[in-house]
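Asker: Below you'll find the structure I mean.
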Protein chains: 2
Amino acid sequence: MPTPRSRRERPAKPALTREGIVDTAVALMEEEGLRRVTMRRLAQALDTGPASLYVYVANTGELHAAILDRLLGRADLGVGDAAVPWRTRLDAVLAGYEEILFANPALAQSALVARPSGPHYLGLLDTLLALLGEGGVPALQAAWGVDILLQSSTAAAAEHSARGEDADAARDWDRLRRAVAEAAPDTHPRVRAQAAELLSGTPAERRRWRVEVLLNGILVTHPGAA
Amino acid sequence: MPTPRSRRERPAKPALTREGIVDTAVALMEEEGLRRVTMRRLAQALDTGPASLYVYVANTGELHAAILDRLLGRADLGVGDAAVPWRTRLDAVLAGYEEILFANPALAQSALVARPSGPHYLGLLDTLLALLGEGGVPALQAAWGVDILLQSSTAAAAEHSARGEDADAARDWDRLRRAVAEAAPDTHPRVRAQAAELLSGTPAERRRWRVEVLLNGILVTHPGAA
DNA sequence: ACCTGAACACCGTTCAAGT
DNA sequence: ACCTGAACACCGTTCAAGT
């Protein structure tokens, strides 16, 4: 089926839509990483100029948010099997969310500043509210709790995943580890004394503890009490 | 005192040092914001070419970390007056840390990925360890707790301060608020039902609750228990 | 009315070549 | 040995001018 009235012999250039743009962005990201998903490269992949994208996407941040929402849609982060304890399921949902962000640290950085507002992100909120509700967390604590749970996971992903991918970030992290290990006893006595504890634990152990801390804190902390 | 053998009549160009570079960077940031503190502009302010900076600073991330460490040094985030309850003092230290980052959201974003490792950041770790110790938090919980406290404050600053400064980020946040407020009862029933709670609370109330949640969680959660 | 070429105003980082 | 000019390889966003 030849394109009618096409001026070039190139393959049919599909009409631009927001959906199409985001799909192409996700594909590009999976091939080359988010850092390479720039407005210019994305336009190139869509066989148009960068200016054209601004008809459908307000800016880079909004594009990133749209990408994340699309990825969340794929992941199916539902409430899970009621036979499994709610804490375990909630942990799994957060782990699924983090997994997406770990695969693309730059996306986590973006998500922290420009929160997605798409249907799948709302779905994630809904799932977390359901699980906290099931755990007997009062409505207000649950609502505020969802916020800090997601913030914590997003931050952990932004921080942690950079370690593996970005060589510069890895060096910065190593610098901190060494600074802690070699802290002077006279100026930083507690850091020195607790250096082993500060540097201990696998990422998985730290993660598990972090989620437990948040859930326990959310459960026992009544807003307005302080 | 004329510069000896100077080829130009310009004011004496001070020799480049890491200290001098970071000082100039802080000054430039306070005048124009971190976004404008680029390697090129910083070099210009130091009357040299961008390449020269790379003799003293490995990359932009390291520069940002050095800036933050310098700002922490100014802030004097000590353990405070022993007459005041430790929780109150710990809250104040975190507030001081957040205040620095709130004034420059981009710095918070950087700090999440490239943690500073300078003496003043170590000082902050030391202070937090001291306060948690004073509160009777066991050593391992304190060490891991410092990590999530700082991560949470950094993330909050990165997220929140963007709302005020960046017009784009503010719009994204508004989009999320509206999406929550208008959530469809059939697809996102809990978001709909708890929309009021999700959107409630002042930033200060949310912040206070967040710190309480973390402290309570850190106090009651034993690593390895889960 | 819709789309976009071309321009504006920048970036970080490297390295060969200078002093 | 130390420093840096100039280049490489890019950016996001806007808007006047086209169809």
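The values are calculated or read from the model by the stated rules, or taken from the named source; none is laboratory data. Fair warning: this is a prediction, and the values are worked out from it, not measured in the lab. All Cβ positions, glycine included, derive from the backbone under ideal geometry; neighbour counts span all protein chains shown. Calculation scope for accessible area: heavy atoms of the full protein, side chains included, ligands and nucleic acids excluded. Shrake-Rupley method; radii C 1.70, N 1.55, O 1.52, S 1.80 Å.
Asker: Is it fair to say A:Tyr56 is within 16 Å of DNA strand C (Cβ to nearest atom), away from chain B (no Cβ under 14 Å), crowded, with 16+ Cβ neighbours inside 10 Å and aromatic (Phe, Trp, Tyr)?
Answerer: Working: within 16 Å of DNA strand C (Cβ to nearest atom): yes; away from chain B (no Cβ under 14 Å): yes; crowded, with 16+ Cβ neighbours inside 10 Å: yes; aromatic (Phe, Trp, Tyr): yes.
When the stated conditions are applied, A:Tyr56 passes them.
Asker: Taking the criterion of being over 22 Å from A:Ser117 (Cα atoms) and either in contact (Cβ under 8 Å) with a residue 40 or more places away in the chain or away from DNA strand D (no atom under 13 Å from the Cβ) (or both), would at least one residue in segment A:47-58 satisfy it?
Answerer: yes
Asker: In addition: Has segment A:152-163 got at least one residue that is surrounded by fewer than 20 Cβ atoms within 10 Å (Cβ to Cβ) and in a helix (DSSP H, G or I)?
Answerer: yes
Asker: Among (1) in contact with a helix residue (DSSP H, G or I) (Cβ under 7 Å, 6 or more places away or on another chain); (2) at the interface with chain A (Cβ under 7 Å from one of its Cβ atoms), where does B:Leu215 come up short?
Answerer: Checking B:Leu215 against (1) in contact with a helix residue (DSSP H, G or I) (Cβ under 7 Å, 6 or more places away or on another chain); (2) at the interface with chain A (Cβ under 7 Å from one of its Cβ atoms), the one that fails is (2).
Asker: Considering only residues of segment B:72-84 that are open to solvent by less than 60 Å² (accessible area, probe 1.4 Å) and over 20 Å from B:Ala157 (Cβ atoms), which is farthest from the chain's Cα centre (by Cα)? Break it down into steps so the answer makes sense when it comes.
Answerer: In the first step, residues of segment B:72-84 are kept if they are open to solvent by less than 60 Å² (accessible area, probe 1.4 Å); the result is B:72-73, B:75, B:77-80, B:84.
So of that shortlist, the ones also over 20 Å from B:Ala157 (Cβ atoms) come out as B:78-80, B:84.
Working: B:Gly78: 17, B:Val79: 19, B:Gly80: 21, B:Val84: 25 Å.
This residue is B:Val84.
Asker: Identify, by number, the condition in (1) over 24 Å from B:Ser117 (Cβ atoms); (2) at pLDDT below 95 that B:Arg89 doesn't meet.
Answerer: Looking at each condition in turn, B:Arg89 falls short on (2).
Asker: Hey, can you tell me all the residues within segment B:138-155 that are at the interface with another protein chain (Cβ under 8 Å from one of its Cβ atoms) and hydrophobic (A, V, I, L, M, F, W, C)?
Answerer: Filtering segment B:138-155 down to residues at the interface with another protein chain (Cβ under 8 Å from one of its Cβ atoms) leaves B:139-140, B:142-148, B:151-152, B:154-155.
If the condition is that a residue be at the interface with another protein chain (Cβ under 8 Å from one of its Cβ atoms) and hydrophobic (A, V, I, L, M, F, W, C), then B:Ala139, B:Leu140, B:Ala142, B:Ala143, B:Trp144, B:Val146, B:Ile148, B:Ala155 are the ones that fit.
Asker: Mind checking whether some residue in segment B:96-104 is away from DNA strand D (no atom under 16 Å from the Cβ), among the polar types (S, T, N, Q) and either modelled with pLDDT of 95 or more or farther than 28 Å from B:Ala169 by Cα (or both)? Give the steps one after another, and end with the answer.
Answerer: Initial filter on segment B:96-104 (away from DNA strand D (no atom under 16 Å from the Cβ)): B:96-104.
From the residues that got through so far, the ones that are among the polar types (S, T, N, Q) too are B:104.
Narrowing the set further to residues that are either modelled with pLDDT of 95 or more or farther than 28 Å from B:Ala169 by Cα (or both) leaves none.
No, every residue in segment B:96-104 fails to be away from DNA strand D (no atom under 16 Å from the Cβ), among the polar types (S, T, N, Q) and either modelled with pLDDT of 95 or more or farther than 28 Å from B:Ala169 by Cα (or both).
Asker: In segment A:181-226, what residues are outside any loop (DSSP other than H, G, I, E, B), more than 30 Å from A:Gly135 (Cα to Cα) and either touching a Cys at 6+ places or on another chain (Cβ under 6 Å) or modelled with pLDDT of 95 or more (or both)?
Answerer: Residues satisfying the conditions are A:Pro189, A:Arg190, A:Val191, A:Arg192, A:Ala193, A:Ala195, A:Ala196, A:Glu197, A:Leu198.
Asker: If you don't mind, another one. How many residues, within segment A:187-202, are facing chain B (nearest Cβ under 7 Å) and of a type in the set (Lys, Arg)?
Answerer: So the count comes out to 1.
Asker: Considering only helices (runs of 4 or more DSSP H) fully contained in segment B:85-137, which possess at least 2 residues that are more than 9 Å from chain A (Cβ to nearest Cβ) and open to solvent by 30 Å² or more (accessible area, probe 1.4 Å)?
Answerer: By residue number, B:86-103, B:119-134.
Asker: A:Arg35 passes all but one of (1) over 26 Å from B:Asp174 (Cβ atoms); (2) free of Cβ contacts under 8 Å to residues at least 12 places away in the same chain; (3) within 14 Å of chain B (Cβ to nearest Cβ); (4) not hydrophobic (A, V, I, L, M, F, W, C); which number fails?
Answerer: That leaves (2) as the condition not met.
Asker: Hey, another quick one. Only one of (1) within 16 Å of DNA strand C (Cβ to nearest atom); (2) within 14 Å of another protein chain (Cβ to nearest Cβ) fails for B:Arg41. Which number is that?
Answerer: So the condition that B:Arg41 fails would be (2).
Asker: Please state which of the following conditions B:Ala12 fails to meet, knowing it meets all the rest: (1) open to solvent by 20 Å² or more (accessible area, probe 1.4 Å); (2) modelled with pLDDT of 90 or more; (3) within 16 Å of DNA strand D (Cβ to nearest atom).
Answerer: (2)
Asker: Need the failing condition index for B:Ala27 against (1) outside any helix (DSSP H, G or I); (2) farther than 30 Å from B:Gly133 by Cβ; (3) open to solvent by 20 Å² or more (accessible area, probe 1.4 Å), just the number.
Answerer: Checking B:Ala27 against (1) outside any helix (DSSP H, G or I); (2) farther than 30 Å from B:Gly133 by Cβ; (3) open to solvent by 20 Å² or more (accessible area, probe 1.4 Å), the one that fails is (1).
Asker: On to the next question. Condition test on A:Val22, is it at pLDDT 95 or above, open to solvent by less than 60 Å² (accessible area, probe 1.4 Å) and not in a helix (DSSP H, G or I)?
Answerer: Spelling it out, it is not the case that A:Val22 is at pLDDT 95 or above, open to solvent by less than 60 Å² (accessible area, probe 1.4 Å) and not in a helix (DSSP H, G or I).
Asker: Could you tell me whether any residue of segment B:214-223 is farther than 22 Å from B:Asp76 by Cβ, open to solvent by 40 Å² or more (accessible area, probe 1.4 Å), without any contact (Cβ under 8 Å) to a residue 60 or more places away in the chain and not aromatic (Phe, Trp, Tyr)?
Answerer: Yes, segment B:214-223 contains at least one residue that is farther than 22 Å from B:Asp76 by Cβ, open to solvent by 40 Å² or more (accessible area, probe 1.4 Å), without any contact (Cβ under 8 Å) to a residue 60 or more places away in the chain and not aromatic (Phe, Trp, Tyr).
Asker: Do we have any residue at all in segment B:66-74 that's within 16 Å of DNA strand D (Cβ to nearest atom) and touching a Leu at 6+ places or on another chain (Cβ under 9 Å)?
Answerer: no
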